[in-house]
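Working notes, beginning with the structure itself.
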Amino acid sequence: MNTNLFASRHIGVRPDELREMLDSIDAESIGQLIFETIPNDIQLDRELNLPPALNEYEFANHIQLLAQKNKIYKSYIGLGYHEAIVPAVIQRNVLENPGWYTAYTPYQAEIAQGRLEALLNFQTMISDLTQMELANASLLDEATAAAEAMSLLFAVRSKAKKKAKANKFFVSNEVLPQTLALLQTRSTPIDIEIVIGNHEEFDFSEGFFGALVQYPGKTGKVFDYENFTKKAIENEIKVAVGADIMSLVKLEAPGNWGVDVVYGTTQRFGIPLGYGGPHAAYFATKEDYKRNIPGRIIGVTRDLDGNRSLRMALQTREQHIKRDRATSNICTAQVLLAVMSSFYGVFHGPKGLQNIANQIHQKAVSLANELEKLGVYQENELYFDTISLKTDATKIEKIALQKEVNFYYPDQETVSISINETTSIEDINKIISIFAEALTIENKKLESLLPGIIETTNLSRKTEFLNHEVFNSFHSETALMRYIKKLERKDLALNHSMISLGSCTMKLNAASEMLPLSNPQWGNIHPYVPVNQAAGYHEMLSELEDYLTEITGFSATSLQPNSGAQGEYAGLMVIKAYHEANGNTHRNICLVPSSAHGTNPASAVMAGMKVVVVKATDKGNIDVDDLRSKAEKYSDNLAALMVTYPSTHGVFESSIKEITNLIHQHGGQVYMDGANMNAQVGLTSPGKIGADVCHLNLHKTFAIPHGGGGPGVGPICVAEQLVPFLPSNPLIKTGGENAISAISAAPWGSALVCLISYAYIRMLGAEGLKSSTEYAILNANYIKARLANYYPTLYSGERGRAAHEMIIDCRDFKKNGIEVKDIAKRLIDYGFHAPTVSFPVAGTMMIEPTESEGKAELDRFCDAMIAIREEIKECTKDQSENLLTNAPHTQAMLTKDEWSFPYSRKQAAYPLAFVEENKFWPSTRRVDEAYGDRNLMCTCAPIEDYITE
Ligand SMILES: *Cc1c(COP(=O)(O)O)cnc(C)c1O
């Protein structure tokens, strides 16, 4: 084994362990295992055509050279993106810390209290700043949040509006262009009509169910929407406000006017621009709409001992995403970025934020004043950070580019300038000098700042915010560093042990893949700079597109979608556009197997399709007879089949070619959900099985860390006939010739984290990628073999092999009074995160080890599972106190003076020898899910709750 190769660091199993592992699964070689796993008619007959693997050192040099091709200008473009300062203490302790970035979505609350607390802080911060009752823990981007607001308002429209069949949605012409594009994309398939106009002339007529306005407007003008909202309420029209989060520090909160939704981005709260993302959007609404809020909400509950603890509220809903009754398909969001923004709020606190916002505002005011002296007038009566100037924009642009400065030019007579946290007085003087040069006049230097102008108006913020202790306690670096560590210690991430969440592919997120993210030459680029300034990005992004196209066996790739589910939506919209271009507007039936992930039917509904469910056989495969009869029945209107391959049951179905052919015969297109791509790379491909489009989860297969539930990247790869329809962007040209409108705000989605997948592919090369897939399959089959005598595997392929994951059946233990979730909680005592619980089959666990785990860790996990199986034998229905139902066991309960359980403390805490060496202590006992949902509370408790003692 060449230890100089990255593959030997990425793949966990050592060469000397291979023989023993192969013996235990009864295979001669890896080749034989793969032969028995993947149907022969779909195996690739050639190596992937990819550049040769670079080792880690070579890659670091390569990516540094590429970074230098990006030109870092000062950007004052605004439009929802502002350069921000990432506090170093947050960069080092969160963004660069695997304890934070490798965690998963907090499904197991007892080992996720740290990130749950950070997210509760995020919600509290958003609720406070917007003055709304309920905020979620982040969405994909601001434009997506606006689209989610539109569909929420449609879902909660009044009875009268329903009766009147009101389907019009008013959108202010002050809205950000990318938001408008997304609203247009999302409204059409669900029959909402967008009407764009000046909100001051809006007539509030009967046909409208909702309205959306921007605060401040796209070129900085601040409007008072209080009267607008009042009239809207009188006319039963619901209102959403897109609000700039920094401006809310100084401007009165929209919640005080009685609006229904406030949304926006938290990018400028300490997140790098990253050429468009990832950043966390926020979404805040009324308590009344808690059942309709998209994404995740963190709620307060209690544990078995009655102590306060946190969990994802209304969690069952989140796992099923309401399938075809869904109004949203948000699953992966932007958790890591939300966590970073929440720490930004904690670090600065209300006073620090006021300082920052005041500086920004005063600089904007002072700049406007100086430019006025030069005879350049500013149009916004009231503004926070953005001024809009009437002047010769072409001339200004030329000089600005020479001086490495970017402004926004809405038209040839307008220059819009947004001031941000990083803007210094020197920068202001440079801006002034650009105008002076254009006008060929001398300018004086600005030396001190003028007072703000918001303070003199009735929109000046009077409502207090961030009074809670957590936002007033950690303002020194030492204090924040320790607070971050305190939370980190409560969470089990990949730097502690294997996380075998099936369908989630929790593989290594290598340090060498992550390092470039910290480089400002990747971080400090606004998504709407002229593309020639981002040459390094474009080289990297187009290479990555090509690699993914090659890996999937298709013709082209779009990196725009920010999650797998957003990729599903994008892919289905592309299919829809293709049918429409062929004159088949009536094709709207989407076949979805019963075992599909909840996002599949949800995405289909959002794309305006009708979901028809296809049955599964008792072996877990698609019931081909049922598929055939449904394809025939709906032949005239068939739009697509959505199929996950290998299936969510962890099996390579051998009839896949027959299935894809059948759909094509009936005029449909095949959408492949690529969540399980980790079982395909280098061995087979979506193109090979006859699919037409797939999304990839770069945050599963291609090494982007899960970040506690995001960021994600869900590119779509398409066959030739679909290439013309790949999505565009309103500001920067991307996508195909007949592109569908934008799927997400930024032209290349979350460009910054695409570096990770680029690194992954460059360092593994064709051979390393293929080996990774092979070892992923080997590891799953090894676990299957080791657990065979203890837990029945639910499904296997024709020759008895699992793919890269496998399902074990735990339903039989009910007779011992044990539920599958008890096993999940008991695994915590052994130091493991549970596999995926009850998906896709209730009462089962889906285990996916990935290629990054070595034999020793696989064995520890299997030993734990086997020991638990022995413990289950001792459990009976009428003995409610046992090792499993009491799990997880906390340090607090074990160190109490009294011990009344029918097993020893040692059995509880140190059931196997290896646990003693690497004990993970859960910070809370089992959380009470039902109590939390009954008493929904989604912000930090008010300060009074703490003073009572
Ligand atoms: C993870 C997953 C998705 C959704 O991807 P997100 O990035 O979370 O939106 C869809 N389908 C399957 C099978 C998955 O495992």
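The values are calculated or read from the model by the stated rules, or taken from the named source; none is laboratory data. All of these numbers come straight from a predicted model, not from anything done at the bench. Positions of Cβ are generated from backbone atoms using ideal geometry, with glycine treated the same way; all protein chains shown enter the neighbour counts.
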Where a residue in region 595-610 is more than 16 Å from Gly564 (Cα to Cα) and hydroxyl-bearing (Ser, Thr, Tyr) and its partner, wherever it lies, is at pLDDT 95 or above and near the ligand (Cβ under 10 Å from one of its atoms), with Cβ under 8 Å and at least six apart:
Ser595/Thr644
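Looking at this structure, is Arg115 charged (D, E, K, R) and free of Cβ contacts under 8 Å to residues at least 40 places away in the same chain?
Working: charged (D, E, K, R): yes; free of Cβ contacts under 8 Å to residues at least 40 places away in the same chain: no.
Here the answer is no, as Arg115 does not meet what is asked.
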Among the residues of region 856-884, which ones are assigned to a helix (DSSP H, G or I) and either among the acidic types (Asp, Glu) or touching a Lys or Arg at 6+ places or on another chain (Cβ under 7 Å) (or both)?
Glu857, Asp859, Cys862, Asp863, Ile868, Glu870, Glu871, Glu874
Can you confirm whether Asn661 is within 16 Å of the ligand (Cβ to nearest atom) and either on the phi < 0 side of the Ramachandran plot or touching a strand residue (DSSP E or B) at 6+ places or on another chain (Cβ under 9 Å) (or both)?
no
Does region 621-631 contain any residue that is in contact (Cβ under 8 Å) with a residue 24 or more places away in the chain, closer than 20 Å to Tyr578 by Cβ and either among the β-branched types (Val, Ile, Thr) or surrounded by 16 or more Cβ atoms within 10 Å (Cβ to Cβ) (or both)?
yes
If I ask for residues that are within 16 Å of the ligand (Cβ to nearest atom) and out of contact with any Asp or Glu (no Cβ under 8 Å at 6 or more places or on another chain), which ones from region 614-640 would you list?
Gly620, Ala640
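Let's see how each residue does on (1) modelled with pLDDT of 95 or more; (2) surrounded by 20 or more Cβ atoms within 10 Å (Cβ to Cβ):
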position: Leu18; (1), (2): yes, no
position: Leu22; (1), (2): yes, no
position: Phe35; (1), (2): yes, no
position: Asp45; (1), (2): no, no
position: Phe59; (1), (2): yes, yes
position: Lys69; (1), (2): yes, no
position: Ile72; (1), (2): yes, no
position: Asn93; (1), (2): yes, yes
Near pairs, Cβ below 9 angstrom, 6+ apart or cross-chain, from region 522-547 (acidic (Asp, Glu)) to any residue that is in a strand (DSSP E or B):
Glu545/Ala556; Glu545/Thr557; Glu545/Ser558; Glu545/Cys717; Asp546/Thr557
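Just to verify a result, which residue in region 709-725, among those that are of a type in the set (Val, Ile, Thr) and buried (at least 24 other Cβ atoms within 10 Å of the Cβ), is nearest to the ligand (Cβ to nearest atom)?
Of region 709-725, the ones of a type in the set (Val, Ile, Thr) are 713, 716, 718, 723.
When the remaining residues are screened for being buried (at least 24 other Cβ atoms within 10 Å of the Cβ), the result is 713, 716, 718.
Details: Val713: 8, Ile716: 12, Val718: 18 Å.
Only one residue fits best here, namely Val713.
Which residue, of Gly564, Gly583, is of a type in the set (Gly, Ala, Ser) and at positive phi? Spell out the reasoning first.
On the way: Gly564 fails: at positive phi.
Testing whether each residue is of a type in the set (Gly, Ala, Ser) and at positive phi leaves just Gly583.
Between Lys770, Lys784, which is more than 28 Å from the chain's Cα centre (by Cα) and under 27 Å from Leu18 (Cβ atoms)? Don't jump to the end; show me each part of the working.
Values: Lys770 fails: more than 28 Å from the chain's Cα centre (by Cα).
Within the list Lys770, Lys784, the selection yields Lys784.
Look through His699, His706, His695 and report the one residue that is in a strand (DSSP E or B), closer than 30 Å to Asn97 by Cα, within 16 Å of the ligand (Cβ to nearest atom) and modelled with pLDDT of 95 or more.
Testing whether each residue is in a strand (DSSP E or B), closer than 30 Å to Asn97 by Cα, within 16 Å of the ligand (Cβ to nearest atom) and modelled with pLDDT of 95 or more leaves just His695.
Does Asn198 satisfy being in contact (Cβ under 8 Å) with a residue 24 or more places away in the chain, within 28 Å of Val365 (Cα to Cα), surrounded by fewer than 22 Cβ atoms within 10 Å (Cβ to Cβ) and over 29 Å from the mean Cα position of the chain (by Cα)? Explain how you work it out, then say what you get.
On the way: in contact (Cβ under 8 Å) with a residue 24 or more places away in the chain: yes; within 28 Å of Val365 (Cα to Cα): yes; surrounded by fewer than 22 Cβ atoms within 10 Å (Cβ to Cβ): yes; over 29 Å from the mean Cα position of the chain (by Cα): yes.
Considered against the rule, which asks whether it is in contact (Cβ under 8 Å) with a residue 24 or more places away in the chain, within 28 Å of Val365 (Cα to Cα), surrounded by fewer than 22 Cβ atoms within 10 Å (Cβ to Cβ) and over 29 Å from the mean Cα position of the chain (by Cα), Asn198 comes out as yes.
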Residues to consider are Ala842, Ala887; find the one that is surrounded by fewer than 18 Cβ atoms within 10 Å (Cβ to Cβ), outside any helix (DSSP H, G or I), under 34 Å from the mean Cα position of the chain (by Cα) and not basic (Lys, Arg).
Ala842
Region 563-585 residues that are farther than 16 Å from His597 by Cα, paired with ones that are in a helix (DSSP H, G or I) and more than 16 Å from the ligand (Cβ to nearest atom) (beta carbon under 6 Å, 6 or more apart)
Val574/Leu722; Val574/Phe725; Ala577/Phe725; Tyr578/Leu722; Tyr578/Phe725
Index of the failed condition, Val643 passing every other in (1) within 29 Å of Tyr101 (Cα to Cα); (2) within 12 Å of the ligand (Cβ to nearest atom)
(1)
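Could you check region 516-572 and list, in sequence order, the residues that are assigned to a helix (DSSP H, G or I), among the hydrophobic types (A, V, I, L, M, F, W, C), more than 16 Å from the ligand (Cβ to nearest atom) and surrounded by 18 or more Cβ atoms within 10 Å (Cβ to Cβ)? Lay out the reasoning, then the answer.
To start, the set of residues in region 516-572 that are assigned to a helix (DSSP H, G or I) comprises 516-518, 520-523, 531-533, 535-552, 564-572.
Filter once more, keeping what is among the hydrophobic types (A, V, I, L, M, F, W, C): 517, 522, 531, 535, 540-541, 544, 548, 551, 565, 570, 572.
Keeping just the survivors that are more than 16 Å from the ligand (Cβ to nearest atom) gives 517, 522, 531, 535, 540-541, 544, 551.
Result: Leu517, Trp522, Met540, Leu541, Leu544, Ile551.
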Could you count how many residues in region 279-311 are closer than 12 Å to Ser138 by Cβ, in a strand (DSSP E or B) and either of a type in the set (D, E, K, R) or in contact with a Ser or Thr (Cβ under 9 Å, 6 or more places away or on another chain) (or both)?
4
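Have a look at Thr130, Thr144, Thr105, Thr124 and point out the one that is touching a Pro at 6+ places or on another chain (Cβ under 7 Å) and among the β-branched types (Val, Ile, Thr). First the steps, then the outcome.
On the way: Thr144 fails: touching a Pro at 6+ places or on another chain (Cβ under 7 Å); Thr105 fails: touching a Pro at 6+ places or on another chain (Cβ under 7 Å); Thr124 fails: touching a Pro at 6+ places or on another chain (Cβ under 7 Å).
Answer to the check: Thr130.
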Could you list, in sequence order, all residues of region 577-609 that are within 16 Å of the ligand (Cβ to nearest atom), part of a helix (DSSP H, G or I) and touching a Phe, Trp or Tyr at 6+ places or on another chain (Cβ under 8 Å)?
Ser603, Met606
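Away from the ligand (no atom under 16 Å from the Cβ) and assigned to a loop (DSSP other than H, G, I, E, B), is that true of Asn495?
Values: away from the ligand (no atom under 16 Å from the Cβ): yes; assigned to a loop (DSSP other than H, G, I, E, B): yes.
Here the answer is yes, as Asn495 does meet what is asked.
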